[in-house]
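Below is one structure, written out as structure tokens, with a few remarks after it.
Bear in mind that the values in this text are calculations on the coordinates, not laboratory data. If you're wondering where the values come from, they're calculated on a predicted model, not measured in any experiment. Reconstructed Cβ throughout: ideal geometry from the backbone, glycine too, with neighbour counts over all protein chains shown.
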Amino acid sequence: MELRHLRYFIAVAEELHFGRAAEQLGISQPPLSQQIQALEEEIGARLLERTNRRVALTEAGKLFLDEARQVLQQVDRAVLLARRAHLGEIGELKVGFTASAPFTSSIPRAILAFRQAYPDVHLDLQELSSGQAVQALLEERVQVGLIRPIPLPETLEAVELFSEPLVAVLRADHPLAQASQEGLAFAELAEEPFVFFPRSYGTGLYSQLMALSRQAGFSPRIAQEAGEAMTIIGLVAAGLGVSMLPASFRRTRVDGVVYRTLSDPGATSSVWLVRRRNETSRLAQSFFDLVTQEVTALHTGSAPVPAERGR
């Protein structure tokens, strides 16, 4: 039995006339009669009563008609779903993101825009460090990553969505909390204990801390490690030291904590959108394109900048 047999039967059952059904199907009447007869023989039941004057459905034919219509509807639905999946309009997309990304207002707005544009796509958002997101991309556990800059292997490519200042995180009663609007020089933190991410955590901010310290002529003394930015801010509030985070964390209101912009050259942090170079998913491409366009437009109104590997 083939799908065309079901279509032939449905046409005859709806017209109750072989001539009109054949005309509707674009075939001649004798082959249509032969196909219906072959269908009945395969089923082992008469579906149509035929006389010289009329064609009528048997009880078996009435039941078979309902089922045949459902089969063809399901086939049409399967074709539509496959076509939409091919076009990147439906399915599941796994995105690894660094915890600091949602603190920038443009990222949640871009994700919202994607959800509105592709309401039938399930977004599986996984919070990972930048290093963990890169590893997940390499192992094909996620399709897209939102990370802070770290060295990338040749098999991955990145677009820089935007860059933002780095800020010193201080207790409100710290002497340096009174820094002017021009900002704070990183060298002024040379004698301070730091609360920061572990080196093994895989965040791009760790290498930036080390680079700024070398530039300022000192090696930071990390007195306390924490894997979450919110924990770091809380430990600064508790008096365990100072820290350094992207300026978007200023939106985090914690009593007794202030943020002061660092004035040193290069005291900025970018957010990258990363994917595999050989990624073929239309869904991943749609997400990559829409988020890039939305975030870039919100920040600069200009075209996105390809990120430098290993930056």
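Tell me, what is the Rg over Rh of the range 43-143, with Rh the Kirkwood radius over Cα pairs? Taking Rg over the Kirkwood Rh, I get 1.39. Between ARG141 and VAL79, the simple spin-label model (points 7 angstrom out along Cα→Cβ) gives 4.0 nm. Per-peptide packing, taken as the mean over residues of other Cβ atoms within 10 Å, places 62-68, 76-82, 35-41 in the sequence 35-41, 62-68, 76-82 from highest down. Compared with the dominant Cα axis of the chain, that is its longest principal axis, helix 59-86 is turned about 30°.
By the beta-carbon count within 10 Å of each Cβ, the least crowded to most crowded order of MET210, MET244, fewest first, is MET210, MET244. Please compute the net charge surrounding ALA45, taking Lys and Arg as +1 and Asp and Glu as -1 over other residues with Cβ under 15 Å from its Cβ. Neighbourhood net charge equals -4. The convex hull around the C-alpha trace of the chain, projected and averaged over every direction, spans 23.5 square nanometres.
If R0 is 30 Å, what FRET efficiency do you get for SER200 and GLN178 from their C-beta distance, rounded to 0.05? Between SER200 and GLN178 the formula returns 0.30.
Quick check: net charge around GLN73, other residues with Cβ under 13 Å of its Cβ, Lys/Arg +1 and Asp/Glu -1?
It works out to a net charge of 0.
Taking the chain as a Gaussian network of alpha-carbon nodes connected by springs under 10 Å, the highest mean-square fluctuation of the residues GLN126, GLN73, GLN178 belongs to GLN73. DSSP beta bridges fully contained in the range 164-268 are about 60 percent antiparallel.
Between the range 190-212 and the range 20-90, the alpha-carbon centres lie 69 Å apart.
Taking neighbour counts of Cβ atoms within 10 Å as a proxy for exposure, in what order, fewest first, do LEU209, LEU16 appear?
Fewest-to-most Cβ neighbours within 10 Å comes out as LEU16, LEU209.
Legend: ranking of residues THR98, THR58 from fewest to most surrounding C-beta atoms inside 10 Å; resulting order THR58, THR98. The calculated pair-distance distribution of the range 157-265 uses every alpha carbon pair, bins of 5 angstrom beginning at 0, and gives 2, 12, 24, 27, 22, 9, 3, 1, 0 percent. Here is the size of the range 3-86 from its Cα atoms: Rg then Dmax, 14.0, 50 Å. Annotation: the antiparallel percentage among DSSP beta bridges lying fully within the chain is about 60. Charge tally for LYS94 (other residues, Cβ to Cβ under 13 Å; Lys, Arg +1; Asp, Glu -1): -3.
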